[in-house]
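Taking it in order: structure first as structure tokens, then the write-up.
The values are calculated or read from the model by the stated rules, or taken from the named source; none is laboratory data. The shown structure was predicted, so the numbers you read here are calculated from the model rather than taken from an experiment. Quick reminder, even Gly has a Cβ in these numbers, built from the backbone with ideal geometry, and neighbours come from all protein chains shown. When the accessible area is computed, the model is the full protein with side chains, heavy atoms only, and any ligands, DNA or RNA have been set aside. Shrake-Rupley method; radii C 1.70, N 1.55, O 1.52, S 1.80 Å.
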Amino acid sequence: KNPFFSGLTAMEKKLAEYKCNTNEAIQLKLVRFPEDLEDDNTTFNPEYSHQVFGDDEVAFGYKGLKILLYYIAGNLSTLFRIEYTSKVNEKFDCVEADDVESKIREIIPPGFCTNTDDFVSLLEKEVNFKPFGVLLHTYSIHNEEAGEDITYQIYKADMTCPGFREYHERLQTFLMWFIETASFIDVDDERWNYFLVFEKYNKDGATLFATVGYMTVYNYYVYPDKTRPRVSQMLILPPFQGEGHGAQLLETVHRYYMSSPTVLDITAEDPSENYVKLRDFVLVKLCQDLLCFSPVKLMQGFSQEMVTEAQQKLKINKQHTRRVYEILRLRATNMGDAEQSRSYRLDVKRRLIGPYKKKQRELAKMRRCLRPEEMTNQLNQIDLNLQREQLEESFQQLVSDYRRVLERLAQA
């Protein structure tokens, strides 16, 4: 047996013990009371850390690594500390541990605390923290655990609000942990709007505010005198997810722009699946009472009237209006009736087949330009059966998404 190889595996085994999954190592908290620091129930972890620690989401060189990033619930003053039980040593192990600290420092703004005492003394000043900007909307949600209604508020802020620039720098670090392709925005561009959600809570008889989430919207200029706001980032912090804040925020933002005569319609940049589901719900909720979406008109098919009314009254673009129409038509359709269900299926599939048709037109064009021997058989024959299967699959998936939107609507 070659001692070199057995030695290597022992060494490898040892080094393998010094690898930590960074999604588990990073411990986040939103702190309201000093006792939250010791309470594991208030801790949450990132969904992603690849932007900071590479695609493997691994930090090398530590055992029992903990990367503590604790935030005061309202103004997000930060405590950053690293703890571990042991660390590889360059002299002894001939390898160097990852510089975890500098990787984190790259994304969190300077001015954080490094020890708990400083952090707790900042926590006492939190009573002075007030939301930034103009109040747009107040709503309440019944909390089972607390056995009471909790009040939330949505504000529109901008960089002229004192202290907001620094606060936003702390807030945006959460994007790295919860949005797969997050990037920081250029806050010096004045075309950004910021919408913030806060929870009101009580502490020693005073009313305090905790950060729940936010949305950034960029106002694109449209010739000659209009703008087209585009939702860029939206994040509801994990402790508040699944409570309906995203829908409140998106609806409030829509209502804010609806009142502006210069806004054409609202779009979104590279929306996630979850965002599309949220948007479907909010837009259907806004549209369902428009006359152009009455059951009789839905059954007559998608119309220009729907496009015009949704855009003028609710700032919804054509593509999103089409989805709203399909969802509302599904609600008005008796899918148990063969004729109604067939008519609905054909209507939706006609839209879904658009991209396939386009592909076929492009192929036909290529055929005219290329000599036959240059055309492979593969290109020659888009398999129609496959196309039908894919189409049916897309349709079924869509209908099940739509049904979920309608269920949520029925409960709203």
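Just one of the listed residues (Ile327, Ile382) is among the aliphatic types (A, V, I, L, M) and at pLDDT 95 or above, namely Ile327. The residues of region 12-30 that are more than 18 Å from Arg170 (Cβ to Cβ), at pLDDT 95 or above and surrounded by 17 or more Cβ atoms within 10 Å (Cβ to Cβ), listed by number, are Thr22, Ala25. Scanning region 72-86 for residues that are polar (S, T, N, Q) and under 27 Å from the mean Cα position of the chain (by Cα) returns Asn75, Ser77, Thr78. Criterion first (open to solvent by less than 60 Å² (accessible area, probe 1.4 Å) and closer than 25 Å to Glu190 by Cβ) does Leu264 satisfy it? Yes, satisfied. Scanning region 1-11 for any residue that is surrounded by 20 or more Cβ atoms within 10 Å (Cβ to Cβ) and either of a type outside the set (D, E, K, R) or modelled with pLDDT under 95 (or both) turns up nothing. In this entry, Glu169 passes the filter for residues that are of a type outside the set (A, V, I, L, M) and in contact (Cβ under 8 Å) with a residue 60 or more places away in the chain. Could you go through region 249-257 and let me know if any residue there is over 23 Å from Lys318 (Cα atoms), of a type in the set (Ser, Thr, Tyr) and modelled with pLDDT of 95 or more. No, region 249-257 has no match at all. The number of residues in region 207-240 that are surrounded by fewer than 15 Cβ atoms within 10 Å (Cβ to Cβ) and within 15 Å of Pro131 (Cβ to Cβ) comes to 1.
With the requirement that a residue be assigned to a loop (DSSP other than H, G, I, E, B) and within 30 Å of Leu68 (Cα to Cα), what does region 134-158 give you? Lay out the reasoning, then the answer.
Keep residues of region 134-158 that are assigned to a loop (DSSP other than H, G, I, E, B), which gives 144-147, 158.
Glu144, Glu145, Ala146, Asp158, listed by residue number.
Ile108 meets the conditions (1) touching an Asp or Glu at 6+ places or on another chain (Cβ under 9 Å); (2) more than 30 Å from Tyr62 (Cβ to Cβ); (3) of a type in the set (A, V, I, L, M) in every case but one. The failed one is (2).
Taken across region 31-42, residues that are modelled with pLDDT under 95, of a type in the set (Lys, Arg) and in the same structural domain as Ile104 (by the TED database) do not occur at all.
Every residue, every condition in (1) touching a residue at least 40 places away in the same chain (Cβ under 8 Å); (2) exposed (fewer than 12 other Cβ atoms within 10 Å of the Cβ); (3) within 18 Å of Arg403 (Cα to Cα); (4) in contact with a helix residue (DSSP H, G or I) (Cβ under 7 Å, 6 or more places away or on another chain), yes or no:
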position	(1), (2), (3), (4)
Arg331	yes, no, yes, yes
Arg342	no, yes, yes, no
Arg345	yes, no, yes, yes
Tyr356	no, no, no, yes
Arg368	no, yes, no, no
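Candidates in region 128-149 are the residues that are loosely packed, with under 15 Cβ neighbours inside 10 Å and touching a residue at least 40 places away in the same chain (Cβ under 8 Å); of these, the one that is nearest to Trp192 (Cα to Cα) is Lys130.
Hey, could you check region 139-163 for residues that are at pLDDT 95 or above and among the hydroxyl-bearing types (Ser, Thr, Tyr) and say which is nearest to His254 (Cα to Cα)? Among them, the one singled out is Tyr155. Thr114 meets the stated requirement of being closer than 26 Å to Phe184 by Cα and touching a residue at least 12 places away in the same chain (Cβ under 8 Å).
Please determine whether any residue of region 294-305 is open to solvent by less than 40 Å² (accessible area, probe 1.4 Å) and of a type in the set (A, V, I, L, M, F, W, C). Yes, there is a match, as at least one residue in region 294-305 is open to solvent by less than 40 Å² (accessible area, probe 1.4 Å) and of a type in the set (A, V, I, L, M, F, W, C). In region 64-81, the condition of being out of contact with any Lys or Arg (no Cβ under 8 Å at 6 or more places or on another chain), free of Cβ contacts under 8 Å to residues at least 60 places away in the same chain, buried (at least 16 other Cβ atoms within 10 Å of the Cβ) and farther than 27 Å from Glu166 by Cβ is met by at least one residue. Phe184 meets each of the listed conditions (1) modelled with pLDDT of 95 or more; (2) open to solvent by 40 Å² or more (accessible area, probe 1.4 Å); (3) within 30 Å of Ile26 (Cα to Cα) apart from (1).
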